[in-house]
Amino acid sequence: MSSKNWLAAISAAFIMAGLAQAAPPLEAFGRLPSTSHMTMSPNGDLIAFAKETPAQRIIIVYSFSAKKPIAMIRQADQKLRDLEWADDRHLLITASTTAVPRKFWGKRGEYSMAQSYDVQTNKSLMMLDHVAVTGDANIETMNVIAGPPQPRVIDGKTYVFVAGYYYVSQIGRLGLFRIDLDSGEAKLVAGRFSTNAQDWLVDAAGTVVAEASYDEMAERWKAMVYRNGVASPGVEVPASSEWPSLEGLSEDGSGIVVRLPGTENGEVYQQIALSNGAKTIWHNGETNFSGLVVDARTGRIAGGVRSSDREEYDFVDPQLQTMWNSIKGAFKTATDVKVVSWSADKKKAVLKVFGPEFGNVYYVLDLNTHKADPLGPIYDGIEDVAEVKWIDYKAADGRKIPAYLTLPPGRDPKNLPLIVLPHGGPHARDYPGFDWWSQALAARGYVVLQPQFRGSGGFGKEWLEAGFGEFGKKMQTDLSDGVRALAAQGLIDPKRVCIVGASYGGYAALAGATLDTGVYRCAVSVAGLSDLKAQLNNWHWPLNRTDARGERIWGRYLNIEDPSDPKLADVSPVKHVDRVSIPILLIHGRDDTVVPFGQSSGMADALKAAGKPYEFVVLKAEDHWLSSSETRLQMLETTVKFLESHNPPQ
């Protein structure tokens with residue numbers, strides 16, 4: 001059986017292939033991916049992935065050698081966030097839930113948990129499940145993890161290192177635990193006496209080699225290096241609203257690599273030798289990476305990723321670079337290719353391939369046979385995808401704004417309707433590849449513009465800081481300048497433009513109806529901010545005593561010192577409903593722990609009192625990230641119906 005057809009053999013209920021169609025139904029886009037989180041075992045024989053059906057989500061483990069699935073794990077109500085192999089036997093499953101911590105004090109939030117599933121015994125082990133820590137009878141853990149599990153093989157036995165919360169006399173702290181995947185025994189290996197520690201690096205042998213901490217009083221971040229179990233200074237930098245980080249070990253394991261506050265053009269990666277603490281610029285440290293690739297099983301950096309029109313990898317591992325060169329040669333015409341997972345010998349890999357000639361498909365690459373075979377579409381029912389272009393245009397002040405532009409299939413690119421779809425954050429960005437929301441809108445006949453406005457992350461320090469003080473101002477007009485640029489080209493009809501977004505993008509949609517008016521025919525805000533004073537108060541203002549960088553960066557965006565600043569009213573949409581002249585759709589999940597539900601319900605109340613046209617849709621039991629198929633589809637169907645009513649695509 002060829003790998004192209006293997007998934008069809010699992011069962012009729014899990015068939016991934018669908019019939020090609022000119023306009024896939026909204027359900028195909030709105031539901032969670034039919035197949036996701038695909039990951040390859042170290043020996044290259046097993047792949048694990050999540051399969052979404054209307055009734056349930058199942059994790060499937062498939063063996064290439066046996067040509068059949070060897071395990072199926074049913075997911076309950078938890079939201080799957082990641083799959084990773086610890087070894088050829090243990091599959092690590094990370095999920096989250098919206099809850100109030102049981103037994104210990106804490107606010108309602110999104111909490112992550114991890115378990116190990118043994119594919120040989122079909123037994124699961126929940127990590128840190130309120131267990132007493134070995135050797136510390138008075139320490140109890142919370143069943144929550146604070147970072148990705150890091151598997152290591154020590155003397156032939158597999159352990160997982162993971163950051164988690166523990167309590168001493170009801171006082172919570174963050175520590176690093178080593179967990180035996182066979183017995184479940186947990187040992188606190190770092191963070192026992194530190195109140196500021198936030199992250200650790202563990203080498204391939206299971207030795208803790210670095211610890212990062214943050215001092216809120218001094219507003220400084222530092223990394224300590226461990227040599228023979230003794231801590232010594234590594235690097236310390238000011239970080240009032242920056243996030244330096246431990247990235248991983250160098251490719252040969254002789255040092256650690258840290259990411260420091262960036263220059264105008266990008267991040268700075270510094271290498272610190274474990275032998276003597278010598279500091280040098282990591283040899284690839286001047287490349288403007290959007291992120292680094294780290295081998296999950298060794299902690300060593302394998303390379304970096306640059307993202308613009310497509311993702312481009314620069315691997316420092318020669319074998320992986322050879323693999324990437326083969327991938328580029330095989331998929332020259334693809335819009336984007338992502339390396340998802342690879343075998344320990346670096347001869348096999350799982351890829352995500354996207355483009356009009358390919359659709360949005362998982363592939364398996366085998367350098368032994370020099371073949372790349374499709375495993376199946378990521379979304380059932382979507383085989384034809386819209387073209388995505390990387391463009392730029394000039395803002396009113398001359399600044400060049402990069403953006404992704406998605407074009408509706410089969411339509412003459414002239415005088416088309418436009419949807420402006422700004423990302424969340426705002427210190428985030430969009431990435432190349434398949435975007436379900438923009439693809440769904442393009443399939444209905446709309447051009448979709450995703451501007452990477454000033455203040456977005458991932459484009460260097462200067463670009464981020466260009467947004468400081470421009471919240472609701474130039475960050476907003478960067479969007480409408482894109483409308484004007486596309487209209488000048490004749491691509492879109494400036495009279496048929498709406499703005500849609502979620503989180504900060506939802507704020508931008510409301511600002512398009514209240515602050516930067518006269519551009520849009522309608523606005524859709526999903527979990528958007530409307531009252532900035534209330535939002536800042538919700539985010540622990542006055543400042544968090546442990547780490548207030550999140551509050552400070554918002555202060556810099558808004559150019560304020562505290563939420564009583566009257567300038568907040570100037571850029572809060574809820575304070576300017578009198579200026580609304582277009583219909584607004586508000587959508588919000590009841591379980592949102594990032595942007596409170598009241599941000600939308602308060603806006604709805606203000607619009608109602610002012611007699612303005614609006615609709616308000618409540619997503620029951622939904623979080624900030626639209627993690628449920630049912631409510632994600634509800635959001636999309638409601639949005640498209642609203643757009644087609646107020647801005648018809650034809």
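The values are calculated or read from the model by the stated rules, or taken from the named source; none is laboratory data. Bear in mind the structure is a predicted one, so any value in this text is a computation, not a measurement. Reconstructed Cβ throughout: ideal geometry from the backbone, glycine too, with neighbour counts over all protein chains shown.
Among Glu251, Glu211, which is the only one that is within 29 Å of the chain's Cα centre (by Cα), of a type outside the set (A, V, I, L, M, F, W, C) and not in a strand (DSSP E or B)?
Glu251
Of all residues in segment 589-636, count the ones that are part of a strand (DSSP E or B) and among the charged types (D, E, K, R).
Of the residues in that region, 1 qualify.
Any residue that is surrounded by fewer than 18 Cβ atoms within 10 Å (Cβ to Cβ) and among the basic types (Lys, Arg) - is there at least one of those in segment 53-66?
Checked against the condition, which is being surrounded by fewer than 18 Cβ atoms within 10 Å (Cβ to Cβ) and among the basic types (Lys, Arg), segment 53-66 yields no hits at all.
Might you let me know whether segment 539-553 holds any residue that is among the small types (Gly, Ala, Ser), within 12 Å of Leu418 (Cα to Cα) and surrounded by fewer than 18 Cβ atoms within 10 Å (Cβ to Cβ)?
no
Output the number of residues of segment 613-647 satisfying the condition of being surrounded by fewer than 20 Cβ atoms within 10 Å (Cβ to Cβ) and charged (D, E, K, R).
Result for segment 613-647: 6.
Tally time: how many residues in segment 26-64 are β-branched (Val, Ile, Thr), under 18 Å from the mean Cα position of the chain (by Cα) and not in a strand (DSSP E or B)?
Selection size over segment 26-64: 0.
Criterion first (out of contact with any helix residue (DSSP H, G or I) (no Cβ under 8 Å at 6 or more places or on another chain) and closer than 16 Å to Pro261 by Cβ) does Gly191 satisfy it?
no
Give me a count of the residues in segment 500-522 that are of a type in the set (Phe, Trp, Tyr) and under 14 Å from His423 (Cα atoms).
Looking only at that region, the number is 2.
Going through Pro583, Pro613 one at a time, which residue ends up being touching a residue at least 60 places away in the same chain (Cβ under 8 Å) and in the same structural domain as Val497 (by TED's automatic domain parsing)?
None of the others qualify; the one that does is Pro583.
Name the residue that is nearest to Val353 (Cα to Cα), counting only residues in segment 372-424 that are touching a Phe, Trp or Tyr at 6+ places or on another chain (Cβ under 8 Å) and charged (D, E, K, R).
Asp373
Say we look at segment 347-358 and pick out the residues that are crowded, with 19+ Cβ neighbours inside 10 Å and either of a type in the set (D, E, K, R) or free of Cβ contacts under 8 Å to residues at least 60 places away in the same chain (or both); which of these is farthest from Val385 (Cα to Cα)?
Among them, the one singled out is Lys348.
Name the residues in segment 526-539 that are more than 10 Å from Pro596 (Cβ to Cβ) and either outside the structural domain of Pro422 (by TED's automatic domain parsing) or under 20 Å from the mean Cα position of the chain (by Cα) (or both), would you?
Val526, Gly528
Scanning for something assigned to a loop (DSSP other than H, G, I, E, B), under 30 Å from Glu470 (Cα atoms) and not acidic (Asp, Glu), does segment 403-410 turn up at least one residue?
No; the residues of segment 403-410 include none that is assigned to a loop (DSSP other than H, G, I, E, B), under 30 Å from Glu470 (Cα atoms) and not acidic (Asp, Glu).
Quick check on segment 411-420. Is at least one of its residues under 21 Å from Ala523 (Cβ atoms) and within 24 Å of the chain's Cα centre (by Cα)?
There is at least one residue in segment 411-420 that is under 21 Å from Ala523 (Cβ atoms) and within 24 Å of the chain's Cα centre (by Cα).
Please state which one of Asp155, Asp118 is farther than 30 Å from Glu630 by Cα and at pLDDT 95 or above.
Asp118
Just to be sure before I move on: is Val230 hydrophobic (A, V, I, L, M, F, W, C), surrounded by fewer than 20 Cβ atoms within 10 Å (Cβ to Cβ), free of Cβ contacts under 8 Å to residues at least 60 places away in the same chain and within 15 Å of Ser275 (Cβ to Cβ) in the structure I sent?
Yes; evaluated as a whole, the condition is true for this residue.
Only residues that are surrounded by 21 or more Cβ atoms within 10 Å (Cβ to Cβ) and aromatic (Phe, Trp, Tyr): list them for segment 169-194, please.
Selection gives Phe177 alone.
Conditions first: (1) without any contact (Cβ under 8 Å) to a residue 40 or more places away in the chain; (2) over 15 Å from Ser525 (Cβ atoms). Leu619 passes all but one, so which condition is the exception?
Exception for Leu619: condition (2).
For segment 210-227, what are the residues that are over 28 Å from Lys461 (Cβ atoms) and crowded, with 19+ Cβ neighbours inside 10 Å?
Tyr226
Do you know which residues across segment 546-576 are in contact with a strand residue (DSSP E or B) (Cβ under 9 Å, 6 or more places away or on another chain) and not acidic (Asp, Glu)?
Residues satisfying the conditions are Thr546, Arg549, Pro573.
For (1) in a loop (DSSP other than H, G, I, E, B); (2) outside the structural domain of Ile391 (by TED's automatic domain parsing); (3) surrounded by fewer than 23 Cβ atoms within 10 Å (Cβ to Cβ), each residue gets a yes or a no:
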| residue | (1), (2), (3) |
| --- | --- |
| His423 | yes, no, no |
| Arg429 | yes, no, yes |
| Trp437 | no, no, no |
| Ala442 | no, no, no |
| Gly445 | yes, no, yes |
| Leu449 | no, no, no |
| Phe453 | yes, no, no |
| Ser456 | yes, no, no |
| Gly469 | yes, no, yes |
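Given the condition among the aromatic types (Phe, Trp, Tyr), buried (at least 20 other Cβ atoms within 10 Å of the Cβ) and within 26 Å of Val448 (Cα to Cα), answer yes or no: does some residue in segment 305-327 qualify?
Checked segment 305-327: no residue is among the aromatic types (Phe, Trp, Tyr), buried (at least 20 other Cβ atoms within 10 Å of the Cβ) and within 26 Å of Val448 (Cα to Cα).
List the residue pairs whose Cβ atoms are under 8 Å apart, where the first residue sits in segment 65-80 and is at positive phi, the second is exposed (fewer than 15 other Cβ atoms within 10 Å of the Cβ), and the two are 6 or more positions apart or on different chains.
Qualifying pairs under 8 Å: Lys67/Met1; Lys67/Ala9.
Quick check: anything in segment 345-363 among the polar types (S, T, N, Q), in the same structural domain as Met475 (by TED's automatic domain parsing) and farther than 19 Å from Pro451 by Cβ?
Checked segment 345-363: no residue is among the polar types (S, T, N, Q), in the same structural domain as Met475 (by TED's automatic domain parsing) and farther than 19 Å from Pro451 by Cβ.
Only residues that are assigned to a strand (DSSP E or B) and either of a type in the set (Ser, Thr, Tyr) or over 27 Å from the mean Cα position of the chain (by Cα) (or both): list them for segment 65-103, please.
Matches in segment 65-103: Lys68, Pro69, Ile70, Ala71, Thr94, Ser96, Thr97, Thr98.
Within the set of pairs 6+ apart or on separate chains, which have a first residue in segment 635-650 that is more than 15 Å from Ser525 (Cβ to Cβ), a second that is of a type in the set (A, V, I, L, M, F, W, C) and not in a helix (DSSP H, G or I), and C-beta atoms under 6 Å apart?
The qualifying pairs are Asn647/Cys498; Asn647/Cys522.
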